[in-house]
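Q: Supplied in structure tokens, the structure appears directly below.
Nothing in this text is a laboratory measurement; each read-out follows from the coordinates by a stated rule. Bear in mind the structure is a predicted one, so any value in this text is a computation, not a measurement. No Cβ is skipped: glycine too gets one built from the backbone with ideal geometry, and neighbour counts run over all protein chains shown.
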Amino acid sequence: MTIATILDKKGRDVFTMEPSSSLSEVVKTLRDKKIGVVLLAEGDRLLGILSERDIVRALSENGASALSEIASSHMTSSVMTCVEGDTVVSVMSRMTSGRFRHMPVMDGTRLVGLVSIGDVVKLRIEETEKEAADMRAYIAAG
């Protein structure tokens, strides 16, 4: 299975914000959209990623004044990405070894989706359950 399988099921909509947004604006967006990460982009060009953890780190270092700072000053600019053709297993491995929970999906330099570790694990569980059901059916037929 590939990342395209996940995007076909969950959709390809990606919510982005301007890198000049304040951390306060990002916090409100995370709350309102019920998401854990925001991608910072100009058009389809990905510039960075900002997670809840990044915001907590900024608050611990700078206190409440961090909320007035711009998002790009706290984003991760060296973002690990994948493409739709990548296997779910390879992406899950990269996310686990890199200890991050969200991975933007790219088509060249264009942002086309976002997958989370939850999306990846959910698909792997579905695959495993289907394989087990197929095996049971094969044994029962034999």
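Q: Can you give the % of DSSP beta bridges in the chain that are antiparallel, to the nearest 5? Please report the intermediate quantities before stating the final value.
A: Working: 15 of 18 bridges.
The antiparallel fraction comes to roughly 85 percent.
Q: Now, a different point. So what's the back-of-envelope 222 nm ellipticity for the chain, counting only DSSP H runs of four-plus at -39500 (n - 2.57) apiece and dividing by all residues, rounded to 500?
A: On the way: 5 runs with 66 residues, N = 142.
My calculation for the chain gives -15000 deg cm²/dmol from helical runs alone.
Q: Longest segment of the chain with no trypsin sites (Lys or Arg not before Pro) in a DSSP loop having at most 12 other Cβ atoms within 10 Å?
A: Working: sites that count: Lys34, Arg99.
Free of exposed loop sites, the longest segment is 35-98.
Q: Separation of region 114-128 and region 7-65 by C-alpha centroid, Å?
A: Cα centroid of region 114-128 versus Cα centroid of region 7-65: 22 Å apart.
Q: May I pose another question? What's the lysine pair count for region 3-141 at a Cα cut-off below 26 Å, pairs eight or more apart or interchain?
A: Lysine pairs satisfying the spacing and distance rule in region 3-141 number 12.
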